[in-house]
1. Return yes or no: is residue 231 part of a loop (DSSP other than H, G, I, E, B), buried (at least 20 other Cβ atoms within 10 Å of the Cβ), touching a helix residue (DSSP H, G or I) at 6+ places or on another chain (Cβ under 6 Å) and at pLDDT 95 or above?
2. Let me confirm something: among 261, 279, 272, which residue is in contact with a strand residue (DSSP E or B) (Cβ under 8 Å, 6 or more places away or on another chain), in a helix (DSSP H, G or I) and closer than 24 Å to residue 239 by Cβ?
3. From the list 111, 147, 142, which residue is assigned by TED's automatic domain parsing to the domain that holds residue 256 and part of a helix (DSSP H, G or I)?
4. Every residue in segment 1-16 that is in contact (Cβ under 8 Å) with a residue 12 or more places away in the chain and more than 18 Å from residue 70 (Cβ to Cβ), please.
5. Would you say residue 74 is surrounded by 17 or more Cβ atoms within 10 Å (Cβ to Cβ) and in contact with a helix residue (DSSP H, G or I) (Cβ under 8 Å, 6 or more places away or on another chain)?
6. Looking only at segment 1-11, which residues are touching a helix residue (DSSP H, G or I) at 6+ places or on another chain (Cβ under 7 Å) and either surrounded by fewer than 14 Cβ atoms within 10 Å (Cβ to Cβ) or over 24 Å from residue 292 (Cβ atoms) (or both)?
């Protein structure tokens, strides 16, 4: 009997990449688009594998699965999947941690550069017919300023490396920082308060877990320099957005640039959108055509591995 694979994608259009990979096991593919409709939930019950992007895979959904051997997440964040319940049911959870390292780190540095050079006001005033090369206000030489990186995994390391290439001094905070990589990149590991106090730019690259939710809160923001900028291309809930809004309005910090938010898409009436010193991009940091292909291919390959009796390349849990 052909293995049944449910794909709950909404954003990638055709499934040619997935079909090509899954043809290796002659899979019967059911594209449901989401995990909310009765038809989708019924399909999941019978599936041997489920592939998701940002859909919530709750404990209730997992407990309804009768045959599933792997839930493969097309992405890096895992807070939408009940991993404990999956483990208890003997279901592998896999993800793709390495498909957009260059893209996300480049986006973070791009947001840093937009702030460092005052690009937005320069463009706005020029478009309005005013030729003013100082419309951005004071701009300071980037070289020898300090970039603080919170979270020193693959993307944090790539961001630090790019920052060093721009002449920035780099400090990092991560309890699990790899000392070999720290030494290789020439960065300094510090505690969270030191990073907040010393950095001119802070880029977040930590995973979202209990200990990192709202790691940027009112206390953290109070430590930051009034000239410092905050950048988030990791997970939205790392930042207490109410505290951030208050800090920016009070000029406690210079501004922020975020590609991820606590709730996406953002409410068009959100006060965050009305603050000129808060820049928001629509969760686009991961994207390039190459990254999109990598993501879809590697997600499907995890399904092939598990349904072929192998262990996933990037498992989140351990199944005995």
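The values are calculated or read from the model by the stated rules, or taken from the named source; none is laboratory data. Since the structure is predicted, the reported quantities are computational estimates derived from the model, not experimental observations. Neighbour counts run over all protein chains shown; Cβ positions are idealised from the backbone, glycine included.
1. In short, no.
2. Going through 261, 279, 272 in turn, the sole match is 272.
3. Residue meeting the stated conditions: 111.
4. If we filter segment 1-16 for residues that are in contact (Cβ under 8 Å) with a residue 12 or more places away in the chain, which is where we start, we get 2-12, 15.
10, 11, 12, listed by residue number.
5. Details: surrounded by 17 or more Cβ atoms within 10 Å (Cβ to Cβ): yes; in contact with a helix residue (DSSP H, G or I) (Cβ under 8 Å, 6 or more places away or on another chain): yes.
Yes, satisfied.
6. 3, 4, listed by residue number.
Per-residue answers, yes or no, for (1) in a loop (DSSP other than H, G, I, E, B); (2) over 20 Å from residue 294 (Cβ atoms); (3) assigned by TED's automatic domain parsing to the domain that holds residue 209:
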position	(1), (2), (3)
13	yes, no, no
22	no, no, no
30	no, yes, no
43	no, yes, no
61	no, yes, no
68	yes, yes, no
71	no, no, no
76	yes, no, no
86	no, yes, no
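Per-residue answers, yes or no, for (1) in contact (Cβ under 8 Å) with a residue 40 or more places away in the chain; (2) part of a strand (DSSP E or B):
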position: 152; (1), (2): yes, no
position: 171; (1), (2): no, yes
position: 203; (1), (2): yes, yes
position: 213; (1), (2): no, no
position: 221; (1), (2): no, no
position: 226; (1), (2): no, no
position: 242; (1), (2): no, no
